[in-house]
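Comments concern the structure below.
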Amino acid sequence: MPRSLVGGDLAGPDMAQPYMKKDDDDEEVEYSPFFGIEKGAVLQEARAFHDPQLDVRRCSQVITKLLYLLNQGETFTKVEATEVFFAVTKLFQSSDAGLRRLVYLMIKEVSTSSDEVIIVTSSLMKDMNSKTDMYRANAIRVLCRIIDGTLLTQIERYLKQAIVDKNPVVASAALVSGIHLAQANPEIVKRWSNEVQEAVQSRAPLVQFHGLALLHQIRQNDRLAVSKLVSSLTRGSVRSPLAQCLLIRYTSQVMRESSMNTQTGDRPFFDFLESSLRHKSEMVILEAARKITEMDVTSRELAPAITVLQLFLSSSKPVLRFAAVRTLNKVAMTRPLAVTNCNVDLESLMSDTNRSIATLAITTLLKTGNESSVDRLMKQITNFMSDIADEFKIVVVEAIRSLCLKFPLKYRSMLNFLSNSLREEGGFEYKKAIVDSIITLISEIPDAKEIGLLHLCEFIEDCEFTYLSSQILHFLGNEGPRTSDPSRYIRYIHNRVILENATVRASAVSTLAKFGALVDTLKPRIFVLLRRCLFDTEDEVRDRATLYLQTLGGEVAIGNNEKDVKDFLFGSLDVPLANLEASLRTYEPSEEPFDISLVSREVRSLPLQEKKAPGKKAPATAAAPAPVSAVDAYQKMLSSIPEFAGFGRLFKSSEPVELTEAETEYAVNVVKHIYDSYVVLQYNCTNTIEEQLLEDVTVCVDASDAEEFSEICSKPLASLPYSSTGQIFVAFEKPERVPAVGKFLNLLKFTVKEVDTSTGEADEDGVEDEYQLEEFEVVAADYMLRVPVSNFRNAWENMDPESERVDEYGLGVRESLAEAVSAVINILGMQPWHRGCTKKCKITLLPAFWRVYR
């Protein structure tokens, strides 16, 4: 929008009001032309659009106000929008160029229905054929924004002519409009391929850029066509730097999708990326370097890109320095040795006036530095931290944690730095990042335990965050008793019992009890402190103290031996709290006590709940519905079917597995329900053909490749109308509590009846038909159930050594470590546990996080 429309000629006395004052001097008051305007008053002013003699200046002011209100989130009712729209269309009679541009903007904002669009279409088409290029370009943009597919066919000829227009503004407007139209009307836009190809050869930079973007969008679903496009353009016909950047992205995409690499594939595409590093445009060089660093290339092939980025580190332009250091920061995460040569330049950026650049430089150095440079880096960072915001401090803290795990012998200087940072000013997220880092270092580096725990104890003396105090006390209770001198921590814990709020006091009582359970020499002292807590003003604190006194004193029977007591104090609740709450809400008091072993251990939720009608809100007095877990929802459904009611407790239900491709006649997926001695297959079927009614729908399952399974019953679907989903069930018996696996072949059988779409009535006679479905397998991962573990170290140490298994799996070629981890997770059904980076690239899959079926 022209500047004069915002703060210049339009800022008349009726619009300008003060909104900020620098000091008491009236001459230094700043004004906003839009301060205090109201929608109702502006709509009244819009009546000026109906005046026989239009006042261009006043009409421009009103439209500017309306656009301001819309961009500030103000909403117009249907009636208000219609009135404004019709009023704005009357301004086409003015020939003022500035007002016409505002009219175009306003039409795009308030056109709401096809009826209104028709009214203004003739005026826009007249402008589209005008001799004024500015009118033509803007009219094209507005028309393509407001019309539908029917009207698009009427102006398609004009748009194709505009794409090859000699004026680059008009051609660009048509191409950009095509990019937007391709999302809703791809078939129409595909017919413009010849004109778009001609635009790609244009000498105008923006026309070539927009032409390439549209041509790629037209061909994006045809890999071969995209590959040919990239192959033809990489020979040097692209002149626009913006188009060159697009071509670099498309080239890397083709290389990735075709699984080409520089060792085994053809080199032309990679040679093009490498040659782009010598382009005269800085944006092209950066884009090429960024894409090369993202690829799996050798160190020799990566070197030119790193060299170019290193040169940009000393650029006088902040944007180049930022782009270069950010790219190097990403490279340092996976290939730190490749960035080592840039360390000298990165150290010079630590004092950069741009804090974002300085932060990225420091975190990159922390990833690429060697053990001898750690102390020097820590001294530099200490002076730097006070000058940056919390969000940047968090990034630095996480980088320091990774560096300490890389060089564990340097834990003292790292912990001292983190401890000093805890005493500085900062928000909750910053302090939480530091506490989490210290806990991670204590857990990963045994020698750091005692000094790290002391730093945490010193912090909770002045900690203002209840959550962090409770977190530290919980961790201290697990680790403190296992140190060489546990008694040194009792004073800090007891201070929390005396000085803190009720939540922290309750956590401190639990921590004291853990010390008493593990350290016999401290038990008398712990008993004295716990007895004092019996006089606390808070019920929770008194109740915990009473329970722990009786437990430690043997007055309450917790199991049969001391190990059971320790499990009670240190063991994790392997039931998600949401599931426990849901089970307690549905529990009906009776002579049979509540059994926590029947509560689902599964963490994820299933969308089997009823959808709330749009626009309806729950009454203010109604309690929020408790979350329903996947197993609970499926258990309720399956137990209501007589054939499956005697199968017992449902162990796990899998995610749906698609058995048909998208947009086929019938959509079918299967959910695998696992019981102790049974597996129930639930086939969810959807009829997508409007002219058909399916009856007697069944699935014939061939389990010849699943020898341990034997089919015992099935439940077919009586009727499946159009656009409805029904369930078919097939049950198999298997050896009890054995994770049997196997492959299942599936054939959908049904009777088809033709339906009269005008009346909805189906023919009486039908034809038997069948539809081949994809095969699927029941695998070992189907017998793995995710459960939460709050104390991982305790769960890990208490695992039976006999539970360890070693096996080999072929993952095939993977582009990244993240993809390889995902493949391992999918094969085994387990969850990776990690706390920051480890010294080696090592993946640990934890069965302690899972309730294994057997």
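Values in this text are rule-based calculations from the coordinates and carry no lab data. In this text, all values refer to a predicted model and were calculated from it rather than measured experimentally. All Cβ positions, even for glycine, are placed from backbone atoms using ideal geometry, and neighbour counts span all protein chains on display.
Some points to look at:
- Applying 1/(1 + (r/R0)^6) with R0 = 30 Å to the Cβ-Cβ distance of Arg145 and Ala48 gives a FRET efficiency near 0.75.
- Distance violations [Cα-Cα > 28 Å] among Lys636/Lys734; Lys715/Lys753; Lys410/Lys431; Lys160/Lys228; Lys65/Lys166: Lys65/Lys166
- Residues whose amide H lies under 5 Å from that of Asp705, counting only those 5 or more places away or on a different chain, are Lys743; hydrogens are built 1.01 Å from N in the peptide plane.
- If the segment from Asp55 to Asn501 were pulled out straight at 0.36 nm per residue, it would be longer than the present Cα-Cα gap by 153.8 nm.
- In Hz, Karplus ³J(HN,Hα) per residue of the stretch 479-487 (6.51, -1.76, 1.60; θ = phi - 60°; x = Gly, Pro): 9, x, x, 9, 8, 6, 9, x, 5
- Extended-chain gain in nm, criterion 0.36 nm per residue less alpha-carbon gap, Glu819 and Thr382: 153.6 nm
- If you plug the beta carbon distance of Cys713 and Ala781 into 1/(1 + (r/R0)^6) with R0 = 25 Å, you get a FRET efficiency near 0.45.
- The ellipsoid equivalent to the alpha-carbon distribution of the stretch 126-249 has semi-axes of 24, 17, 10 angstrom, derived from the gyration tensor eigenvalues as √(5λ) and listed largest first.
- Distances between placed amide hydrogens fall under 5 Å for Tyr678 paired with Lys734, all partners being 5 or more residues away or on another chain.
- As a calculated quantity, the FRET efficiency between Arg482 and Thr688 at R0 = 51 Å, using C-beta atoms, amounts to about 0.25.
- Scalar couplings 3J(HN,Hα) for the stretch 233-238, obtained by applying the Karplus form with A = 6.51, B = -1.76, C = 1.60 to θ = phi - 60°, are 7, 6, 7, x, 8, 9 Hz; x denotes Gly and Pro.
- Whole-Å distance, taken between Cα centres, linking the stretch 665-707 and the stretch 470-538: 57 Å
- Modelled this way, with points 7 Å down the Cα-to-C-beta line, the labels at Asp375 and Arg157 are 8.4 nm from one another.
- Estimated inter-spin distance, Lys330 and Gln772, nm [label 7 Å along Cα→Cβ]: 4.3 nm
- Within the stretch 297-330: backbone nitrogen closer than 11 Å to the Asn354 label point (7 Å, Cα to C-beta): 313-326
- Taking a sphere under 10 Å around the Cβ of Phe428 and counting the other residues whose Cβ falls inside, with K and R at +1 and D and E at -1, yields a net charge of -1.
- Rounded to the nearest whole Hz, the Karplus-based 3J(HN,Hα) values (6.51 cos²θ - 1.76 cosθ + 1.60, θ = phi - 60°) of the stretch 533-549 follow the sequence 6, 5, 9, 5, 7, 9, 4, 4, 5, 4, 5, 5, 4, 4, 4, 5, 4, with x at glycine and proline.
- Distance between modelled label sites at Lys228 and Asp447, nm, 7 Å Cα→Cβ extension: 6.5 nm
- Built amide H within the under 5 Å cut-off of Lys652, gap 5+: Ile674
- If the chain linking Asn420 and Leu534 were pulled fully straight, counting 0.36 nm for each residue of separation and taking away their Cα-Cα distance, it would gain 37.4 nm.
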